[in-house]
1. Give the residue that is surrounded by the most Cβ atoms within 10 Å (Cβ to Cβ), with candidates limited to residues of region 16-36 that are among the hydrophobic types (A, V, I, L, M, F, W, C) and assigned to a strand (DSSP E or B).
2. Mind checking whether some residue in region 202-216 is among the β-branched types (Val, Ile, Thr), free of Cβ contacts under 8 Å to residues at least 60 places away in the same chain and closer than 19 Å to Ser143 by Cβ?
3. Just to be sure, is Leu141 modelled with pLDDT of 95 or more, touching a strand residue (DSSP E or B) at 6+ places or on another chain (Cβ under 7 Å) and either open to solvent by 50 Å² or more (accessible area, probe 1.4 Å) or β-branched (Val, Ile, Thr) (or both)?
4. Can Arg169 be described as under 30 Å from Met224 (Cα atoms), modelled with pLDDT under 95, basic (Lys, Arg) and surrounded by fewer than 16 Cβ atoms within 10 Å (Cβ to Cβ)?
5. Counting only residues that are in a loop (DSSP other than H, G, I, E, B) and among the charged types (D, E, K, R), which one in region 231-258 is most open to solvent (accessible area, probe 1.4 Å)?
6. For region 170-228, how many residues meet the condition of being hydroxyl-bearing (Ser, Thr, Tyr) and closer than 20 Å to Asn149 by Cα?
7. How many of the residues in region 197-230 are modelled with pLDDT of 85 or more, part of a loop (DSSP other than H, G, I, E, B), surrounded by 13 or more Cβ atoms within 10 Å (Cβ to Cβ) and among the aromatic types (Phe, Trp, Tyr)?
Amino acid sequence: PNPVSQALLVDNKSVVNRFIGNIELNYTLPFFKDLRFHLNLATDVTKSKGHNNNPATANPNLLGSFIHGQLENYNSKNTNKLLDFYLNYVKDVKSIKSNFNVMLGYSWQHFHYDNYNYTRDAQDPFAITPDSTRHINDLQLISFFGRFNYTLNNKYLLTFTLRDDGSSRFSPSNRWGLFPSAALAWKLKEENFLKNVSWLSQLKLRLGWGVTGQQDIGPYYPYMANYTISQDGYYYLFDGKYIPTLRPEAYDPNIRWEQTTTKNIGLDFGFFNGRLSGSLDYYF
(Lines give C-alpha, C1' and ligand atoms only; values in the text may rest on other atoms or scores of the structure.)
Protein backbone atom coordinates (compact mmCIF):
# COMPACT_ATOMS: atom_id res chain seq x y z
CA PRO A 1 0.00 0.00 0.00
CA ASN A 2 1.03 3.59 -0.57
CA PRO A 3 1.96 5.91 2.34
CA VAL A 4 -1.51 7.49 2.35
CA SER A 5 -3.32 4.21 2.89
CA GLN A 6 -0.69 3.13 5.42
CA ALA A 7 -1.28 6.25 7.49
CA LEU A 8 -5.01 5.49 7.54
CA LEU A 9 -4.30 2.31 9.51
CA VAL A 10 -3.14 4.38 12.50
CA ASP A 11 -5.77 4.55 15.28
CA ASN A 12 -5.32 7.56 17.57
CA LYS A 13 -7.94 8.88 19.97
CA SER A 14 -7.87 11.34 22.87
CA VAL A 15 -10.66 12.57 25.18
CA VAL A 16 -10.32 15.40 27.72
CA ASN A 17 -12.96 16.35 30.33
CA ARG A 18 -12.64 19.28 32.73
CA PHE A 19 -14.72 20.53 35.66
CA ILE A 20 -14.18 23.88 37.39
CA GLY A 21 -16.22 24.91 40.42
CA ASN A 22 -16.09 27.92 42.74
CA ILE A 23 -18.17 29.10 45.72
CA GLU A 24 -17.48 32.41 47.45
CA LEU A 25 -19.36 33.59 50.53
CA ASN A 26 -19.25 36.87 52.47
CA TYR A 27 -21.15 37.37 55.71
CA THR A 28 -21.43 40.22 58.18
CA LEU A 29 -22.98 39.73 61.59
CA PRO A 30 -26.08 41.98 61.86
CA PHE A 31 -25.27 42.82 65.49
CA PHE A 32 -21.52 43.26 64.87
CA LYS A 33 -21.09 44.96 61.51
CA ASP A 34 -17.39 45.66 62.03
CA LEU A 35 -16.61 41.93 61.62
CA ARG A 36 -16.83 40.20 58.23
CA PHE A 37 -16.44 36.51 57.35
CA HIS A 38 -15.12 35.39 53.96
CA LEU A 39 -15.06 31.82 52.61
CA ASN A 40 -13.81 30.67 49.22
CA LEU A 41 -14.04 27.07 47.96
CA ALA A 42 -12.75 26.03 44.54
CA THR A 43 -11.89 22.90 42.60
CA ASP A 44 -10.42 22.16 39.18
CA VAL A 45 -10.50 18.57 37.88
CA THR A 46 -9.14 17.49 34.50
CA LYS A 47 -9.40 13.93 33.17
CA SER A 48 -7.90 12.69 29.93
CA LYS A 49 -7.56 9.31 28.26
CA GLY A 50 -6.68 7.95 24.87
CA HIS A 51 -4.66 5.55 22.79
CA ASN A 52 -2.11 5.58 19.96
CA ASN A 53 -2.15 2.37 18.00
CA ASN A 54 0.34 2.20 15.15
CA PRO A 55 0.53 -1.26 13.51
CA ALA A 56 3.71 -2.53 11.89
CA THR A 57 2.18 -1.92 8.46
CA ALA A 58 1.84 1.81 9.10
CA ASN A 59 4.07 4.44 7.52
CA PRO A 60 7.61 3.99 8.95
CA ASN A 61 7.75 7.74 9.60
CA LEU A 62 4.98 7.24 12.16
CA LEU A 63 6.60 4.30 13.95
CA GLY A 64 9.92 5.82 15.05
CA SER A 65 11.80 3.25 17.13
CA PHE A 66 8.77 0.92 17.25
CA ILE A 67 9.64 -1.00 14.08
CA HIS A 68 7.10 -3.72 14.97
CA GLY A 69 4.37 -1.23 15.64
CA GLN A 70 3.22 0.46 18.81
CA LEU A 71 0.16 -0.01 21.01
CA GLU A 72 -0.23 2.69 23.66
CA ASN A 73 -2.96 3.43 26.20
CA TYR A 74 -2.83 6.36 28.58
CA ASN A 75 -5.00 8.17 31.12
CA SER A 76 -4.44 10.94 33.64
CA LYS A 77 -6.31 12.86 36.31
CA ASN A 78 -5.27 16.26 37.65
CA THR A 79 -7.14 17.56 40.71
CA ASN A 80 -6.65 20.95 42.41
CA LYS A 81 -8.63 21.97 45.50
CA LEU A 82 -8.66 25.23 47.43
CA LEU A 83 -10.14 26.44 50.72
CA ASP A 84 -9.63 30.02 51.93
CA PHE A 85 -11.23 31.43 55.06
CA TYR A 86 -10.55 34.68 56.87
CA LEU A 87 -12.05 37.13 59.36
CA ASN A 88 -11.76 40.87 58.77
CA TYR A 89 -12.36 43.44 61.51
CA VAL A 90 -12.44 47.16 60.65
CA LYS A 91 -13.04 49.86 63.24
CA ASP A 92 -12.82 53.65 63.26
CA VAL A 93 -12.14 55.16 66.68
CA LYS A 94 -12.67 58.87 66.16
CA SER A 95 -11.86 59.81 69.74
CA ILE A 96 -8.20 58.91 69.17
CA LYS A 97 -8.22 59.61 65.40
CA SER A 98 -7.41 55.98 64.68
CA ASN A 99 -8.46 53.27 62.24
CA PHE A 100 -7.88 49.56 62.94
CA ASN A 101 -8.01 46.85 60.27
CA VAL A 102 -7.27 43.32 61.47
CA MET A 103 -7.44 40.15 59.39
CA LEU A 104 -6.88 36.50 60.43
CA GLY A 105 -7.12 33.59 58.02
CA TYR A 106 -6.49 29.99 57.07
CA SER A 107 -5.72 28.55 53.63
CA TRP A 108 -5.51 24.96 52.35
CA GLN A 109 -4.52 23.76 48.88
CA HIS A 110 -4.28 20.22 47.54
CA PHE A 111 -2.69 19.27 44.20
CA HIS A 112 -2.95 15.64 43.02
CA TYR A 113 -1.69 14.30 39.69
CA ASP A 114 -2.06 10.68 38.55
CA ASN A 115 -0.78 9.68 35.10
CA TYR A 116 -0.59 6.16 33.65
CA ASN A 117 1.02 5.23 30.34
CA TYR A 118 1.10 1.66 28.99
CA THR A 119 3.07 1.01 25.81
CA ARG A 120 3.87 -2.34 24.19
CA ASP A 121 5.15 -3.80 20.95
CA ALA A 122 2.28 -4.49 18.56
CA GLN A 123 3.70 -7.93 17.62
CA ASP A 124 4.83 -8.86 21.12
CA PRO A 125 2.27 -7.76 23.75
CA PHE A 126 4.56 -8.94 26.56
CA ALA A 127 7.43 -6.64 25.52
CA ILE A 128 6.66 -3.72 27.81
CA THR A 129 8.73 -0.63 27.06
CA PRO A 130 10.43 1.60 29.67
CA ASP A 131 7.81 4.24 28.83
CA SER A 132 5.14 2.12 30.54
CA THR A 133 5.00 4.03 33.79
CA ARG A 134 2.68 5.51 36.36
CA HIS A 135 3.40 8.89 37.97
CA ILE A 136 1.59 10.05 41.11
CA ASN A 137 2.35 13.43 42.64
CA ASP A 138 0.56 14.75 45.71
CA LEU A 139 1.20 18.13 47.29
CA GLN A 140 -0.54 19.97 50.14
CA LEU A 141 -0.05 23.54 51.32
CA ILE A 142 -1.44 24.91 54.59
CA SER A 143 -1.14 28.52 55.72
CA PHE A 144 -2.13 30.50 58.80
CA PHE A 145 -1.89 34.24 58.23
CA GLY A 146 -2.69 37.55 59.82
CA ARG A 147 -2.45 41.25 59.04
CA PHE A 148 -2.69 44.35 61.24
CA ASN A 149 -3.20 47.81 59.71
CA TYR A 150 -3.22 50.93 61.86
CA THR A 151 -3.76 54.51 60.69
CA LEU A 152 -3.32 57.53 62.98
CA ASN A 153 -4.84 60.87 62.06
CA ASN A 154 -4.78 59.88 58.38
CA LYS A 155 -1.04 60.66 58.40
CA TYR A 156 0.84 57.75 59.88
CA LEU A 157 0.30 54.20 58.66
CA LEU A 158 1.57 50.92 60.08
CA THR A 159 1.17 47.45 58.54
CA PHE A 160 2.35 44.17 60.03
CA THR A 161 1.77 40.74 58.50
CA LEU A 162 2.71 37.23 59.58
CA ARG A 163 2.40 33.96 57.69
CA ASP A 164 3.04 30.42 58.92
CA ASP A 165 3.22 28.22 55.83
CA GLY A 166 3.51 24.44 55.64
CA SER A 167 4.35 22.35 52.57
CA SER A 168 4.36 18.56 52.19
CA ARG A 169 7.26 19.04 49.75
CA PHE A 170 9.63 19.08 52.76
CA SER A 171 10.31 16.63 55.59
CA PRO A 172 8.18 16.93 58.76
CA SER A 173 11.06 18.58 60.64
CA ASN A 174 11.42 21.32 57.97
CA ARG A 175 7.83 21.53 56.77
CA TRP A 176 6.88 24.91 58.24
CA GLY A 177 8.23 28.38 57.58
CA LEU A 178 7.43 31.63 59.43
CA PHE A 179 7.44 34.80 57.30
CA PRO A 180 6.92 38.27 58.85
CA SER A 181 6.79 41.69 57.20
CA ALA A 182 6.28 45.27 58.32
CA ALA A 183 5.78 48.63 56.62
CA LEU A 184 5.54 52.27 57.71
CA ALA A 185 4.21 55.25 55.75
CA TRP A 186 4.12 58.95 56.47
CA LYS A 187 1.77 61.22 54.50
CA LEU A 188 3.88 64.37 54.48
CA LYS A 189 1.27 66.20 52.43
CA GLU A 190 -1.15 66.04 55.39
CA GLU A 191 1.24 67.91 57.68
CA ASN A 192 0.46 71.58 58.34
CA PHE A 193 3.66 72.82 56.71
CA LEU A 194 2.64 71.23 53.36
CA LYS A 195 -1.13 70.98 53.56
CA ASN A 196 -1.74 74.36 51.92
CA VAL A 197 0.82 73.98 49.13
CA SER A 198 -1.57 74.01 46.18
CA TRP A 199 0.79 72.66 43.50
CA LEU A 200 1.70 69.61 45.62
CA SER A 201 -1.13 67.04 45.61
CA GLN A 202 0.68 64.08 47.20
CA LEU A 203 3.89 63.35 49.12
CA LYS A 204 4.29 60.12 51.07
CA LEU A 205 7.38 58.44 52.51
CA ARG A 206 7.41 54.63 52.79
CA LEU A 207 9.63 52.12 54.64
CA GLY A 208 9.28 48.36 54.27
CA TRP A 209 10.86 45.10 55.35
CA GLY A 210 9.72 41.54 54.84
CA VAL A 211 10.59 37.87 54.40
CA THR A 212 8.88 35.76 51.75
CA GLY A 213 9.02 32.00 51.24
CA GLN A 214 9.38 29.77 48.18
CA GLN A 215 8.56 26.05 48.30
CA ASP A 216 8.54 25.20 44.58
CA ILE A 217 12.05 23.74 44.65
CA GLY A 218 13.14 20.82 42.49
CA PRO A 219 10.91 17.71 42.29
CA TYR A 220 7.81 17.15 44.40
CA TYR A 221 9.75 15.56 47.28
CA PRO A 222 13.33 16.86 47.12
CA TYR A 223 14.09 15.58 50.65
CA MET A 224 13.49 11.92 49.72
CA ALA A 225 15.96 9.53 48.09
CA ASN A 226 14.97 8.83 44.48
CA TYR A 227 16.26 6.22 42.04
CA THR A 228 15.87 5.94 38.27
CA ILE A 229 15.89 2.56 36.52
CA SER A 230 18.30 2.19 33.62
CA GLN A 231 16.82 2.08 30.12
CA ASP A 232 17.09 -0.80 27.69
CA GLY A 233 20.50 -0.68 26.01
CA TYR A 234 22.19 0.73 29.11
CA TYR A 235 22.29 -2.43 31.22
CA TYR A 236 25.45 -3.80 32.86
CA LEU A 237 26.84 -7.21 31.94
CA PHE A 238 27.19 -9.51 34.96
CA ASP A 239 28.01 -13.22 34.59
CA GLY A 240 26.85 -13.26 30.99
CA LYS A 241 23.56 -11.48 31.70
CA TYR A 242 22.53 -7.87 31.16
CA ILE A 243 21.19 -6.51 34.44
CA PRO A 244 19.22 -3.24 34.82
CA THR A 245 20.42 -0.91 37.54
CA LEU A 246 18.98 1.84 39.74
CA ARG A 247 20.70 5.21 39.48
CA PRO A 248 20.52 7.45 42.57
CA GLU A 249 19.37 11.03 41.97
CA ALA A 250 20.49 14.07 43.93
CA TYR A 251 18.46 14.91 47.03
CA ASP A 252 18.80 16.90 50.25
CA PRO A 253 17.16 15.50 53.43
CA ASN A 254 17.57 18.90 55.13
CA ILE A 255 16.08 21.04 52.36
CA ARG A 256 13.62 23.68 53.60
CA TRP A 257 11.72 26.77 52.54
CA GLU A 258 13.76 29.18 50.46
CA GLN A 259 13.66 32.62 52.12
CA THR A 260 14.11 36.04 50.57
CA THR A 261 14.46 39.17 52.72
CA THR A 262 13.59 42.51 51.14
CA LYS A 263 14.16 46.05 52.44
CA ASN A 264 12.95 49.18 50.72
CA ILE A 265 12.43 52.90 51.08
CA GLY A 266 10.16 54.81 48.74
CA LEU A 267 8.66 58.21 48.03
CA ASP A 268 5.32 58.81 46.28
CA PHE A 269 4.68 62.25 44.85
CA GLY A 270 2.05 64.11 42.86
CA PHE A 271 1.81 67.59 41.40
CA PHE A 272 -0.90 69.84 39.95
CA ASN A 273 -3.90 67.97 41.30
CA GLY A 274 -2.47 64.60 40.27
CA ARG A 275 -1.75 65.47 36.64
CA LEU A 276 1.89 64.55 37.25
CA SER A 277 2.72 61.75 39.66
CA GLY A 278 5.32 59.11 40.28
CA SER A 279 7.35 57.07 42.76
CA LEU A 280 10.99 56.67 43.68
CA ASP A 281 12.14 53.42 45.31
CA TYR A 282 15.39 52.05 46.61
CA TYR A 283 15.33 48.41 47.63
CA PHE A 284 17.60 45.53 48.50
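1. Leu35
2. Looking for residues that are among the β-branched types (Val, Ile, Thr), free of Cβ contacts under 8 Å to residues at least 60 places away in the same chain and closer than 19 Å to Ser143 by Cβ, one finds at least one in region 202-216, hence yes.
3. No, not satisfied.
4. When the stated conditions are applied, Arg169 does not pass them.
5. Ranking the candidates gives Asp239 first.
6. Total satisfying the criteria: 2.
7. Residues that pass the stated criteria total 2.
Listed here are the residues, each with its yes/no results for (1) under 30 Å from Asp252 (Cα atoms); (2) at pLDDT 95 or above.
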{"position": "Phe85", "(1), (2)": "no, yes"}
{"position": "Tyr106", "(1), (2)": "yes, yes"}
{"position": "Asn117", "(1), (2)": "yes, no"}
{"position": "Arg120", "(1), (2)": "no, no"}
{"position": "Asp124", "(1), (2)": "no, no"}
{"position": "Ile136", "(1), (2)": "yes, no"}
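The values are calculated or read from the model by the stated rules, or taken from the named source; none is laboratory data. Keep in mind that what you see is a predicted model, and the values were worked out from it rather than measured. Using ideal geometry, Cβ is built from the backbone for each residue, glycine included, and neighbour counts are taken over all protein chains shown. Areas reflect the complete protein model, heavy atoms only, side chains present, ligands, DNA and RNA absent. Shrake-Rupley method; radii C 1.70, N 1.55, O 1.52, S 1.80 Å.
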